[in-house]
Ligand SMILES: *[C@@H]1O[C@H](CO)[C@@H](O)[C@H](O)[C@H]1NC(C)=O
Ligand SMILES: *[C@@H]1O[C@H](CO)[C@@H](O)[C@H](O)[C@H]1NC(C)=O
Ligand SMILES: *[C@@H]1O[C@H](CO)[C@@H](O)[C@H](O)[C@H]1NC(C)=O
Ligand SMILES: *[C@@H]1O[C@H](CO)[C@@H](O)[C@H](O)[C@H]1NC(C)=O
Ligand SMILES: *[C@@H]1O[C@H](CO)[C@@H](O)[C@H](O)[C@H]1NC(C)=O
């Protein structure tokens with residue numbers, strides 16, 4: 001049971017569905033897809049990052065038209081890439097980057113790495129895009145692998161910046177929270193050289209989600225939120241120690257939660273002995289809260305995160321820990337106060353875009369990151 005819970009959590013980590021694969025809907029051989037050709041120019045804006053939005057595109061879906069584009073500085077695309085999204089983003093000065101991945105088995109093979117870099121750079125150029133997001137999440141402990149990863153990342157950034165001046169290259173790093181992932185710098189056994197990665201990249205994107213459960217062998221009844229405030233704080237300190245200043249880190253937070261099945265004898269409000277864990281979308285959690293919660297919404301003061309209980313059709317007790325606009329506001333404000341470079345979310349498309357109040361409140365909450373009028377932005381660094 002303990003081992004299988006870990007397996008469930010490990011398997012449900014949000015891995016982009018098609019990193020580095022094709023981008024359906026993207027026919028770059030037909031040339032610039034925008035009616036105004038100048039919108040196919042890459043973005044040259046320098047200056048601060050603000051909202052870095054992960055977007056998992058679904059062909060034909062236009063929910064992205066309802067994003068608050070006045071706040072987005074970068075939209076990082078996984079899945080289908082809608083050419084109209086590119087034209088729109090460029091019209092409002094936002095960069096469009098794509099998530100890419102290369103497995104550890106290739107890191108030390110120079111010819112494979114060279115071919116991979118050339119292919120990704122060409123993909124950005126052919127697609128009129130603005131750069132790459134390295135979503136590499138393999139465990140790596142061998143110093144030769146770690147060195148190879150630093151080197152291939154630096155070479156990717158160099159090649160990309162050279163081919164498209166003003167382009168952006170970023171790297172997704174694990175949540176800094178160490179409660180269930182090992183000590184600082186060893187999260188998920190990714191013993192990467194984070195200082196070297198930060199030096200090579202325009203900035204790093206901390207995936208501040210899935211920080212929720214201790215390894216069950218250590219504490220099967222411990223609860224920590226998907227994105228607890230103390231975990232963000234630990235992350236800031238951890239990365240600082242590893243040579244990554246807050247101004248080089250965008251904090252990406254979850255627009256989803258976790259649904260835990262508790263033990264057969266557990267009661268709402270008592271300890272939930274986790275039998276299974278599954279991710280739940282924000283709209284899924286909000287719907288259950290409204291229709292089925294026992295005792296309504298509770299607040300975990302030690303993580304600044306809401307949760308509730310419900311019983312499923314077979315009357316098994318569940319506890320759902322998730323983030324809503326109240327908890328996200330607190331965490332975005334923290335990112336601003338701590339001097340982080342920006343905030344983001346996994347994923348921007350995960351709201352119920354037919355629910356106008358949900359959409360406006362989630363995007364409005366991101367304004368907690370806005371600097372007060374007249375105050376200089378903390379991360380006023382020019383792009384390479
Ligand atoms: C094309 O887009 C550019 C950049 O947004 C703008 O300056 C220019 O006026 C547009 N041209 C037309 C014909 O709309
Ligand atoms: C690198 O990968 C290629 C293609 O898989 C293979 O043919 C070659 O032997 C590898 N080189 C080394 C040094 O492992
Ligand atoms: C918050 O409290 C819960 C339950 O009391 C505990 O399991 C959890 O470890 C605490 N989290 C933090 C980050 O202190
Ligand atoms: C999405 O929002 C609409 C309108 O508010 C609502 O009718 C619908 O039930 C919601 N869908 C889900 C899956 O929550
Ligand atoms: C719309 O979203 C809000 C906030 O998530 C929720 O409280 C409300 O019940 C939703 N409305 C419908 C009709 O689903």
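The values are calculated or read from the model by the stated rules, or taken from the named source; none is laboratory data. Predicted, not measured: the structure shown is a model, and the values here were computed from it. Neighbour counts run over all protein chains shown; Cβ positions are idealised from the backbone, glycine included.
Within segment 268-277, count every residue that is touching a strand residue (DSSP E or B) at 6+ places or on another chain (Cβ under 6 Å) and either assigned to a helix (DSSP H, G or I) or crowded, with 16+ Cβ neighbours inside 10 Å (or both).
Adding up the residues that qualify gives 5.
Please go through segment 288-307 and pick out each residue that is part of a strand (DSSP E or B) and under 24 Å from the mean Cα position of the chain (by Cα). Give the derivation first.
We begin by selecting, within segment 288-307, every residue part of a strand (DSSP E or B); these are 294-300, 305-307.
Passing the criteria: 299, 300, 305, 306, 307.
Provide a single number: the residues in segment 300-317 that are within 22 Å of residue 228 (Cα to Cα), out of contact with any helix residue (DSSP H, G or I) (no Cβ under 8 Å at 6 or more places or on another chain) and surrounded by fewer than 17 Cβ atoms within 10 Å (Cβ to Cβ).
Looking only at that region, the number is 2.
Does residue 264 satisfy the criteria of being farther than 18 Å from residue 230 by Cα, surrounded by fewer than 19 Cβ atoms within 10 Å (Cβ to Cβ), touching a strand residue (DSSP E or B) at 6+ places or on another chain (Cβ under 7 Å) and in contact (Cβ under 8 Å) with a residue 12 or more places away in the chain?
Working: farther than 18 Å from residue 230 by Cα: yes; surrounded by fewer than 19 Cβ atoms within 10 Å (Cβ to Cβ): yes; touching a strand residue (DSSP E or B) at 6+ places or on another chain (Cβ under 7 Å): no; in contact (Cβ under 8 Å) with a residue 12 or more places away in the chain: yes.
Criteria not met by residue 264.
Looking at (1) within 16 Å of ligand 5 (Cβ to nearest atom); (2) out of contact with any helix residue (DSSP H, G or I) (no Cβ under 6 Å at 6 or more places or on another chain), can you tell me which one residue 234 breaks?
Here residue 234 meets the rest and fails (1).
Would you confirm whether any residue within segment 282-298 is modelled with pLDDT under 95 and surrounded by fewer than 14 Cβ atoms within 10 Å (Cβ to Cβ)?
No; the residues of segment 282-298 include none that is modelled with pLDDT under 95 and surrounded by fewer than 14 Cβ atoms within 10 Å (Cβ to Cβ).
List the residue pairs whose Cβ atoms are under 6 Å apart, where the first residue sits in segment 276-303 and is within 18 Å of residue 209 (Cβ to Cβ) and without any contact (Cβ under 8 Å) to a residue 40 or more places away in the chain, the second is within 16 Å of ligand 5 (Cβ to nearest atom) and not in a helix (DSSP H, G or I), and the two are 6 or more positions apart or on different chains.
285/257; 285/320; 285/322
Starting from residues that are surrounded by 21 or more Cβ atoms within 10 Å (Cβ to Cβ) and touching a helix residue (DSSP H, G or I) at 6+ places or on another chain (Cβ under 8 Å), keep the ones in segment 239-255 and report whichever is nearest to residue 350 (Cα to Cα).
Looking at the filtered set, the residue picked out is 255.
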